1. Sort out which residues of region 130-147 are in contact (Cβ under 8 Å) with a residue 12 or more places away in the chain, part of a helix (DSSP H, G or I) and open to solvent by less than 70 Å² (accessible area, probe 1.4 Å), and write them in order of number.
2. Of a type in the set (G, A, S) and either in a strand (DSSP E or B) or free of Cβ contacts under 8 Å to residues at least 24 places away in the same chain (or both): does that describe S167?
3. Test of understanding: among N269, N224, which residue is exposed (fewer than 15 other Cβ atoms within 10 Å of the Cβ) and closer than 18 Å to E103 by Cα?
4. Kindly establish whether T182 is out of contact with any strand residue (DSSP E or B) (no Cβ under 6 Å at 6 or more places or on another chain), touching a residue at least 12 places away in the same chain (Cβ under 8 Å), of a type in the set (V, I, T) and surrounded by fewer than 18 Cβ atoms within 10 Å (Cβ to Cβ).
5. Go through the residues of region 196-218 one by one and say whether even a single one is in contact with a Cys (Cβ under 7 Å, 6 or more places away or on another chain) and surrounded by 12 or more Cβ atoms within 10 Å (Cβ to Cβ).
6. Taking the criterion of being closer than 27 Å to T181 by Cβ, at pLDDT below 90 and touching a strand residue (DSSP E or B) at 6+ places or on another chain (Cβ under 8 Å), would at least one residue in region 47-67 satisfy it?
7. Please go through region 165-179 and pick out each residue that is over 20 Å from S120 (Cβ atoms) and surrounded by fewer than 19 Cβ atoms within 10 Å (Cβ to Cβ).
8. Evaluate the following for I209: is it more than 19 Å from G86 (Cα to Cα), in contact with a strand residue (DSSP E or B) (Cβ under 9 Å, 6 or more places away or on another chain) and free of Cβ contacts under 8 Å to residues at least 40 places away in the same chain?
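The values are calculated or read from the model by the stated rules, or taken from the named source; none is laboratory data. These numbers were taken from a predicted model, which means no experiment stands behind them. Every residue, glycine as well, gets a Cβ built from its backbone with ideal geometry; the counts of neighbours run over all protein chains shown. Side chains included, ligands, DNA and RNA excluded: accessible areas come from the protein's heavy atoms. Shrake-Rupley method; radii C 1.70, N 1.55, O 1.52, S 1.80 Å.
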Amino acid sequence: FFFFQAEDGIRDAQESRGLGDVYKRQTQSTWGLYKSEYIKMSRRFDSKVNSFSAEGKLLQVEYAVEAINKSRPGIGALIKDGAILGAVKDVVSALLERTRQSEKIYCLDKNIYCVVSGVSADGNYLIDYARGLAQDYRFQMREYINVEKLVVDICDQKQYYTQFGGSRLFGAAFIYAGYDTTHGFQLYNSDPSGNYAGWKATAIGTNSIAANSFLKDEYQEDINLDQGLDLVVKSLSKTLDTSSPSADKIELLVLQLDENKQVKARFLNEKEITELLKRNNILKEKVAE
């Protein structure tokens, strides 16, 4: 009797152990399914521009901003009687033919210029789009478009591409400098999400955090043209990997009013930029080394 009872106990224990193994395998399989689904969900947040992640972020917008932070820098600053834009050119190869026009600073209308940083093709599309808006406004209203209105229209186009699947964000950021009779000289910047803000001085692109920190400490209101040029050149030097930049890699634009109260834009030539670098002891360091 006791022998058969012990045998039944062993059999029950084996069956119980078998059921436990089955349950364990089912649990592992279920967790693996959940884990794979979680990974798929996270990738869906990552790849779709119109889907928020679990943290409430649009990851594609952050990736577009990161692409801009790895591109050539641009800087803008307001001065007492105008505005200054500065940028560093993209140097891909010494064999490339030099362009006859600006590589980073563009005219949107006679009263508005901009610096672009990021994907060049995206920037070119938005520049053409902005020029069309400005020309349509001038044709209809017989006057130049207000600076902020043009910025808002461009940002609306940028924001449109953050709401629909199957599209890619514009990987370009801008600094706009312009003049209108309502608000005078103004400076704005915009990012790929469509946000924009007005600034007294700001920087975008590579090492923009260091440049903005420098501008925050050194910028003063009502600075004249020479002080503004010195400020922009020093800020650009903070964004570069080298302490001795050459004049042919830097672009500077000055916006001011002429005697007829019309906006006049002037690009500084290499000789003037070289003098600026020497005056601020930026080019001098290269000779010393």
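1. Hits for region 130-147 are A130, L133, A134, Y137, V147.
2. No, not satisfied.
3. N269
4. Taking the combined requirement at face value, the residue satisfies it.
5. yes
6. no
7. Matches in region 165-179: G165, G166.
8. In short, no.
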